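The structure under discussion appears below in the form of structure tokens.
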Amino acid sequence: MSQQIEKKPKQNKPSYHHGDLRSTLLNAANVLLKETGIESLSLRKLADKVGVSRTAPYHHFKDKNQLLCAIAEQGFVHWQQDAELIFNQTGLRPKEQYRQFFHGYISYAADNPELYDLMFGRTIWKQNSATNALRDVAYPSFHYQVGMTKKWQQQGLMPSGEDTLRLSQVTWGTMHGIARLLIDGIYADRSHIDEMCDCAINLFTLQISV
């Protein structure tokens, strides 16, 4: 009597709808970015992590630069959403609104150091390799801050005699500098960063009750 060989069930790779795979790849890419950093992230590693063929990511990102730009694009979208939540709060005094915005920026950088490096670092911008999609969200993000700075000047919170664009650039440069100190480990004690933020806020805002 011949023995029947029991066949093991086939393990199928996960199936994705066309649009779902891009989202899945981006979510996995964010995880890899945190785990391995920008330099070690690759489309091949991404495919392995998601469990798809190594050619599958290329249907959505033609190369690593396009993948990095898509990750950075997501970062700007999320930061913009966080900022709008602060700006759209009703009953919040202008100075407290500005304080939350300033601290929120630093917290976002501290919680997402690798992503912050990608959003504002030389990997993309120094090489002038940003995609149009990334530029379309990155530039309006800063313009939004310029608009809010103008509003704060009109409310008497910030000096009206300063050029709005230059004031926005200087305040953003200060936030970026504090964020870099924290990310680079120069100030590892978060309480020092909080005090530096409050010091900067007091310097940039007028000492009036608003």
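The values are calculated or read from the model by the stated rules, or taken from the named source; none is laboratory data. This structure is a prediction, so every number in the text was calculated from the model and none was measured. Just the protein is used for accessible areas: all its heavy atoms, side chains included, with ligands, DNA and RNA removed. Shrake-Rupley method; radii C 1.70, N 1.55, O 1.52, S 1.80 Å.
For the chain, take the longest principal axis of its alpha carbons; what is the angle in degrees between that and the long axis of helix 64-87, to the nearest 10 within 0 to 90? The angle comes out at about 40 degrees. Computed from Cα atoms, the angle from the helix 94-111 axis to the main principal axis of the chain rounds to 30 degrees. For the chain, the Cα gyration tensor yields ellipsoid semi-axes of 44, 17, 16 Å (square root of five times each eigenvalue, largest first, whole Å). Segment 18-72 and segment 129-155 have their alpha-carbon centroids 27 Å apart. With the convex hull constructed from alpha-carbon coordinates only, segment 70-149 shows a mean projected area of 5.3 nm² over all directions.
Per-residue Karplus couplings for segment 193-200, computed as 6.51 cos²θ - 1.76 cosθ + 1.60 with θ equal to phi - 60°, are listed in order as 5, 4, 5, 5, 4, 5, 4, 5 Hz, Gly and Pro entered as x.
Surface listing: 143, 78 arranged by accessible area from highest to lowest gives 143, 78, probe 1.4 Å.
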